[in-house]
């Protein structure tokens, strides 16, 4: 049995951050009902030519395993139909600007009336309250506004835009918060409204630097460097666009690296013999390491470095990740079928549970309205005539 077997989620989320949350929970066994309409489908459902295929690539990543129904929320009858789904669900998740769900008649108060112990998740740029709550935002803005962008990049360059990793970090935080709210409901019988602000998630990822700033310090971008370890970074290897990431944790590891590079002289060189000395000469140190890595086949260098006790690996390209036999064996990369039956690779759930080995992706991206027979017919008990009438009125549309 999967961990979330029996949990049902009415999913009103759009774009990436909210959908990634519900996607993660669906892989853990929750039944997630994606609510859209032909009038306003999820923006990421739109096909576009990317990754060698014409399809909704980003939507594929966050919609596999979900069920799909059409509801036109602009109509009063659509709101009523959505409430019927919420009434048989444990969670209602949304990621609109604050106030949108209230204007649709689907705010927390209205959903609580539909189901007394409902847990509602709201994911937004700045939260449901506060002077900035009305601001819109997407992944790059979350990182910029939360301070993560300013701390990412090289010292002599601009802040770096943080894209999907920000959406996914928000989604993972939202999933944890939802799990906590469901645990509380099991203990108390009470539902709750979970408010996740994306910019606050970004700030939580630079918490140590916020503390430094609060103490009067001046945090700065340090590129691929590390506050303590040196050498530490990504270095060019032999060949076109081949890169080697390595991190030297202490003096013995530095000595091992120096010997591996054929630079025994550096082991006793006072300019590099200690951690503090190496940190003071990072440009020179990086030049020494690069002079060696440029002559090395990346795969062979990794094996030699790991054998010497030094953390190192190739900086994988996405095709290498998809083809990696280790990830394939663990189910981190799986095969799913397109609606026409064509197989494609998909990213699996990033965890393993000994008592629930079946968690993960078990179907591809649903077509719009694909699961209405199950949801409207079996779950809600609607007749064909009732459904047809709502379709004619463009409520199911």
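The values are calculated or read from the model by the stated rules, or taken from the named source; none is laboratory data. As the structure is a prediction and not an experimental result, all values here were calculated from the model. Neighbour counts are summed over all protein chains in view; Cβ atoms, including those assigned to glycine, are modelled from backbone coordinates with ideal geometry.
For residue 196, state whether it is surrounded by 15 or more Cβ atoms within 10 Å (Cβ to Cβ), in contact (Cβ under 8 Å) with a residue 24 or more places away in the chain and in the same structural domain as residue 133 (by TED's automatic domain parsing). Yes: the conditions hold for residue 196.
Tell me which residues, restricted to region 87-100, are over 22 Å from residue 176 (Cβ atoms) and either in a helix (DSSP H, G or I) or in contact with a strand residue (DSSP E or B) (Cβ under 9 Å, 6 or more places away or on another chain) (or both). Listed by number, the residues that qualify are 87, 88, 97, 100. For residue 336, are the conditions met, namely being out of contact with any strand residue (DSSP E or B) (no Cβ under 8 Å at 6 or more places or on another chain), farther than 30 Å from residue 254 by Cα and surrounded by 14 or more Cβ atoms within 10 Å (Cβ to Cβ)? In short, no. Would you be able to say whether some residue in region 109-128 is free of Cβ contacts under 8 Å to residues at least 12 places away in the same chain and under 23 Å from the mean Cα position of the chain (by Cα)? The answer is no, given that none of the residues of region 109-128 is free of Cβ contacts under 8 Å to residues at least 12 places away in the same chain and under 23 Å from the mean Cα position of the chain (by Cα). Close Cβ contacts (under 6 Å, 6 or more residues apart or on different chains) running from residues in region 263-290 that are not assigned by TED's automatic domain parsing to the domain that holds residue 248 to residues that are at pLDDT below 95 are absent.
Residues that are part of a loop (DSSP other than H, G, I, E, B) and touching a strand residue (DSSP E or B) at 6+ places or on another chain (Cβ under 6 Å) within region 1-37 comprise 12, 13, 30, 37, listed in sequence order. All conditions but one from (1) within 26 Å of residue 383 (Cα to Cα); (2) without any contact (Cβ under 8 Å) to a residue 12 or more places away in the chain; (3) within 23 Å of the chain's Cα centre (by Cα) apply to residue 9; the one that does not is (2). Listed by position, the strands (runs of 3 or more DSSP E) contained in region 267-376 that have at least 1 residues being at pLDDT below 95, under 24 Å from the mean Cα position of the chain (by Cα) and within 19 Å of residue 27 (Cα to Cα) are 333-337, 343-347. Answer yes or no as to whether residue 183 is in the same structural domain as residue 25 (by TED's automatic domain parsing) and under 25 Å from residue 23 (Cβ atoms). Yes: the conditions hold for residue 183.
Among strands (runs of 3 or more DSSP E) entirely within region 139-248, having at least 2 residues that are under 23 Å from the mean Cα position of the chain (by Cα) singles out 192-197.
Looking across region 104-137, just one residue is under 24 Å from residue 199 (Cα atoms) and in a helix (DSSP H, G or I), and that is 108.
A residue that is outside any helix (DSSP H, G or I), surrounded by 13 or more Cβ atoms within 10 Å (Cβ to Cβ), in contact (Cβ under 8 Å) with a residue 40 or more places away in the chain and under 30 Å from the mean Cα position of the chain (by Cα) can be found somewhere in region 249-256.
Of the residues making up region 377-397, those that are assigned to a helix (DSSP H, G or I) and either in contact with a helix residue (DSSP H, G or I) (Cβ under 7 Å, 6 or more places away or on another chain) or under 17 Å from residue 73 (Cβ atoms) (or both) number 3.
When 77, 94 are checked against the criterion of being at pLDDT 95 or above and over 21 Å from residue 122 (Cα atoms), a single residue qualifies: 77.
When restricted to residues that are buried (at least 17 other Cβ atoms within 10 Å of the Cβ) and without any contact (Cβ under 8 Å) to a residue 60 or more places away in the chain, region 204-223 contains 1.
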